[in-house]
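Each remark here refers to the structure printed beneath this line.
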Amino acid sequence: MSTSSRQVAQHFEHCLSIIRQASIEILTLLKLRVTEGKDPRWFLEQLDQARMNLGGWGAVARQLRINDSQLSEFMLQLRHLQQGIPSYEHGQGATENQLIAALRFVVTLEHIKRQQPLLMYNTGYDDDAEQLQEHALRQIRTIELTLRGLVVQAWPDEAHLHNALKSLFGPQACARWSSRSPSGESLGGMTFGEVALLIVDKKVFSRHYAALFNYATALTFLVEQRVTLHLFLDDIRRMRNSALARHSLSEMECLLLDLYAQQITAPVQRAYEQGRIRVNPTSLMAAGGGEVQQFWARAQDYVHAYGPDTRPIPDSIERELHQPRRHSDVRERMIAVTLWCAVGVTVLGMTLGAIGLLTALPEPEPTQPLAVASAAIVAEPLAAVSPREILARRGILWDSNALRSAIDSNNIEVAELFLRGGMNWQVSWSELAMSAGHETVLNLLLRYRRQMNEPKPCRRFINTLTHELSQGAPLNTVRKSYLQAFCTTPAVVARQRLAVDNAQRRSKATGDAESKKWLRIQKAIYEVIR
């Protein structure tokens, strides 16, 4: 499946036509009357209108028969697509990154269609499905064996690899992998996601793989190559699970996998040809049919014995794998303490009850404060799970675009998890929420104002605000709070004072209603920040 520039443009046009048709059906299902589908920005705006009509994003999710996490991913991918094609016109050239964004969204549309049978849009070509499946299975195998080969390249000696895994993941994980491996080696018992984590972990990647993947034309979908590789591998993990569950990959998934495989293996192949590594993706892809079948048969046996690889690839080893074990140990100790407290309360109560019966004197009830103490022990937080882990369990990537999507959709719970986890945010991300009146999520952001890291947020924020006020939006408490929180620096105040002076001069010169309106707006903003 070639990805020449002409074919990239053709596939991209096909994806956009699918998205336009799907948008009509989805919006109709959400009680909006539309006659034709337009660009992704229009789709975003219509979905927000549907949210307001139905009473919230929860109602939208119920209509589509998806959960909150799936809705957040749907909105995140649509926003990413919209940002990637701000002014696309028919016949215009498209990049591979634009095609990847479009394909990822179409694959999400396919998942929604499977869960909501009322949706009927078609997403496929008329290609040879059997040939596509065989090619996809070869590519997944090539990617997995390439990853395992890169791990061996970093730690060529089994003893050194075992010690490295033990220091990174802990002795229990190493013992588990050794017991699951037919050869007794730790690497042989690791799942695809665990091997991928050993590549994309921030510290390990910078130490062993950053120079390898430092290839200008590959892995540029997101800002960092490591983050892009993480995203691609997690999508491949899901495709691998589908293949192991004997579900055929769709044509759109096969095309997306083809792009992923090219971008992941191209830097590795280049390094092999330069003699820097021993991993050869081309030879892995050209393996005989028997070798491919044997690989998938072993993978099937592993799934039958130990279950599928359902956990999303974490962002880092330390946060995702060390911490839960400490939590587990603390939890066990706390449960033991609670049980012994309960036993002590029971014995003490029985003893005091017997003394009371013998003396026939009223005694104060001693069990209540002890019971309260016991309850306090039970209620004490048992080493709360980290926000990042909660998001990972829901299938939400640790990505700034996901936080922005949660802010836009007024998803308080998801947004708070990102902020509690320490993710930074920018004032510009509040624009849609501000115009939609999502005061709850806007107030939540203000609680984490120290994590706002936009270098110079006020010029854009004030420009957007003046435009909204000119359209009739009120200068309400939330807007004033943002102005006071971020726009009271001397430079911003001086600039706004100048804007007021300029508005006064225009008003005196023209005297019309429009100039007077702009003067009132500029003065109102200045009064808030001065």
### Query
Applying the selection to the range 114-138, what residues are in contact (Cβ under 8 Å) with a residue 12 or more places away in the chain and within 29 Å of residue 72 (Cα to Cα)?
115, 116, 118, 119, 120, 121, 122, 123, 124, 125, 136
### Residues located in the range 13-34, provided they are part of a helix (DSSP H, G or I) and of a type in the set (D, E, K, R)
13, 20, 25
### Members of the range 463-487 that are polar (S, T, N, Q), over 19 Å from residue 440 (Cα atoms) and loosely packed, with under 14 Cβ neighbours inside 10 Å
463, 470, 471
## Note on the structure
In the range 142-170, anything more than 17 Å from residue 271 (Cα to Cα), small (Gly, Ala, Ser) and under 30 Å from the mean Cα position of the chain (by Cα) is listed as 164, 167, 170
### Task
Go through the range 35-77 and count every residue that is in contact with a Phe, Trp or Tyr (Cβ under 9 Å, 6 or more places away or on another chain) and not in a helix (DSSP H, G or I).
3
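Tell me the residue from 354, 286 that is modelled with pLDDT under 60, among the small types (Gly, Ala, Ser) and surrounded by fewer than 13 Cβ atoms within 10 Å (Cβ to Cβ), please.
On inspection, the qualifying residue turns out to be 354.
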### Query
Residues in the range 223-241 that are surrounded by 19 or more Cβ atoms within 10 Å (Cβ to Cβ), farther than 13 Å from residue 313 by Cα and of a type in the set (A, V, I, L, M, F, W, C): how many?
1
#### Entry: One residue from 470, 481, 435 being assigned by the TED database to the domain that holds residue 393 and of a type in the set (S, T, N, Q)
435
### Message
Given the criterion farther than 23 Å from residue 227 by Cβ, buried (at least 21 other Cβ atoms within 10 Å of the Cβ) and touching a helix residue (DSSP H, G or I) at 6+ places or on another chain (Cβ under 9 Å), identify the matching residue among 405, 430.
### Response
430
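Given the criteria exposed (fewer than 14 other Cβ atoms within 10 Å of the Cβ), modelled with pLDDT under 90, closer than 27 Å to residue 312 by Cβ and not assigned by the TED database to the domain that holds residue 399, does residue 83 qualify?
On the way: exposed (fewer than 14 other Cβ atoms within 10 Å of the Cβ): yes; modelled with pLDDT under 90: yes; closer than 27 Å to residue 312 by Cβ: yes; not assigned by the TED database to the domain that holds residue 399: yes.
Yes.
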### Query
Restricting attention to the range 267-282, and to residues there that are within 34 Å of the chain's Cα centre (by Cα) and assigned to a helix (DSSP H, G or I), which single residue is surrounded by the most Cβ atoms within 10 Å (Cβ to Cβ)?
268
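Please find, within the range 4-52, the residue that is farthest from residue 111 (Cα to Cα) out of those that are among the β-branched types (Val, Ile, Thr) and within 27 Å of the chain's Cα centre (by Cα). Please lay out each step first, then the result.
First, the residues of the range 4-52 that are among the β-branched types (Val, Ile, Thr): 8, 18-19, 24, 26, 28, 34-35.
Now drop any that are not within 27 Å of the chain's Cα centre (by Cα), which leaves 8, 18-19, 24, 26.
Values: 8: 23, 18: 14, 19: 13, 24: 17, 26: 13 Å.
Within the range 4-52, the match that is farthest from residue 111 (Cα to Cα) is 8.
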### Query
Only one of (1) modelled with pLDDT under 95; (2) in a helix (DSSP H, G or I); (3) hydroxyl-bearing (Ser, Thr, Tyr) is not met by residue 248, so which one is it?
(2)
## Note on the structure
Reported set for the range 460-476 where residues are free of Cβ contacts under 8 Å to residues at least 12 places away in the same chain and in a helix (DSSP H, G or I) is 463, 467
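Being among the basic types (Lys, Arg) and either within 16 Å of residue 269 (Cβ to Cβ) or free of Cβ contacts under 8 Å to residues at least 40 places away in the same chain (or both) is the filter here, so list the residues in the range 190-234 that pass it. Step through it out loud before you land on a result.
Of the range 190-234, the ones among the basic types (Lys, Arg) are 202-203, 207, 226.
Hits for the range 190-234 are 207, 226.
Of all residues in the range 182-195, how many are closer than 18 Å to residue 156 by Cβ and at pLDDT below 90? Working first, answer last.
The first filter runs over the range 182-195 and keeps only residues closer than 18 Å to residue 156 by Cβ, leaving 183-188, 190, 195.
Right, trim to at pLDDT below 90 and you get 183-186.
Residues in the range 182-195 being closer than 18 Å to residue 156 by Cβ and at pLDDT below 90: 4 in total.
The values are calculated or read from the model by the stated rules, or taken from the named source; none is laboratory data. Just so you know, these numbers come straight off a predicted model, no measurement behind them. Cβ: placed from backbone, ideal geometry, glycine included. Neighbour counts: every protein chain shown.
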